[in-house]
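The values are calculated or read from the model by the stated rules, or taken from the named source; none is laboratory data. If you're wondering where the values come from, they're calculated on a predicted model, not measured in any experiment. We place every Cβ from the backbone using ideal geometry, glycine too, and count neighbours over all the protein chains shown.
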Amino acid sequence: MASTETKDAVLPQKTEDANDLAGLEAGLDALDTVQVRRTPLRQALVQKVFPPLLAVALVMVVWQLLVWAKVTEEYKLPAPSAVWESVTDLWLQGELHEVIWTSVSRGLLGFLLALAIGTPLGLLVARLRFVRAAIGPILSGLQSLPSVAWVPPAVIWLGLNDSMMYAVILLGAVPSIANGLVSGVDQVPPLFLRAGRTLGATGLRGTRHIVMPAALPGYLAGLKQGWAFSWRSLMAAEIIASSPELGLGLGQLLENGRNNADMPGVFLAILLILLVGIAIDLLLFSPLERWVLKNRGLLVKS
């Protein structure tokens, strides 16, 4: 009789434990499941479009107030309307899109060349100790070297042509891309590499299927920095090196404004350089970042 009572007491306890375990598993499954939902268009506009537009409007208001307050001479701080007139004149002359495209095409092509060189270089530095010991410090030093320092020797070596521009871009961007990839590879958990070797992913297959996907966040950060260095290097080269064969780019437009004491033209060039940098980030790198976060389950809303 006592045995029967003991079994009856244990049975509800086991049932309760099983229910608790099932509840715990369901909770863990819910945590692992990423709830992705489409953000309504109105909410997206309010969250992503309205804040930068408001910031631009505030800057324009402050700018105009400083002009009205006459904090400095008009030739030093032109009104926003004067800069708009410069935009209109350049557009009516049919030169605005040509100036922008001259610089953007050079910057993108130079960045792609830097990507093709910096990626394998970064893998070699990250995976081979001898290569890291030999050129790792050099890459770090080159990354900290101002890109404008490369313009004079590049002009002497290659002359005033597009090759000089691309050389300056490469010297400025390759170290950043390579170091970004090295940083990403260094953060790959060793367990991933051991699991890959167990499954037969060694050599190039291991690099393609294990190392590169795991190092993608650091690599993407290096790419963003590499583009920033590419764009800065190009602007430095266009400002310093001037030749009819090079055409009119944004950097040369800025330098022409300085030489002619045309402050509206100077502000116009600065704004165009800034807008191109923002556009490349929004159109290229922001979607890549969202894609990486989404694939890693870190992007809750889409």
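Looking only at residues that are under 26 Å from Trp63 (Cα atoms) and surrounded by 13 or more Cβ atoms within 10 Å (Cβ to Cβ) in the stretch 272-302, which one is farthest from the chain's Cα centre (by Cα)?
Of everything passing the filter in the stretch 272-302, Leu272 is farthest from the chain's Cα centre (by Cα).
Going through the stretch 143-153 one residue at a time, which ones are at pLDDT 85 or above and touching a Leu at 6+ places or on another chain (Cβ under 8 Å)?
Selection gives Trp150 alone.
Given Pro264, Pro244, which one is under 19 Å from Val56 (Cβ atoms) and over 26 Å from the mean Cα position of the chain (by Cα)?
Pro264
Run down Ser176, Ser163, Ser140 and say which single residue is under 28 Å from the mean Cα position of the chain (by Cα), at pLDDT below 90 and under 30 Å from Arg106 (Cβ atoms).
The conditions single out Ser140.
Take Thr88 and tell me if it is more than 19 Å from the chain's Cα centre (by Cα), at pLDDT 90 or above and either buried (at least 18 other Cβ atoms within 10 Å of the Cβ) or part of a loop (DSSP other than H, G, I, E, B) (or both). Before you say what the answer is, go through the steps one by one.
Working: more than 19 Å from the chain's Cα centre (by Cα): yes; at pLDDT 90 or above: yes; either buried (at least 18 other Cβ atoms within 10 Å of the Cβ) or part of a loop (DSSP other than H, G, I, E, B) (or both): no.
Criteria not met by Thr88.
Within the stretch 210-244, count every residue that is loosely packed, with under 14 Cβ neighbours inside 10 Å and part of a helix (DSSP H, G or I).
1
Is there any pair with a first residue in the stretch 209-222 that is free of Cβ contacts under 8 Å to residues at least 24 places away in the same chain and aliphatic (A, V, I, L, M) and a second that is part of a helix (DSSP H, G or I) and buried (at least 18 other Cβ atoms within 10 Å of the Cβ) whose Cβ atoms are under 6 Å apart and which are 6 or more apart or on different chains, and what are they?
Final answer for the pair search is Ile210/Gly196.
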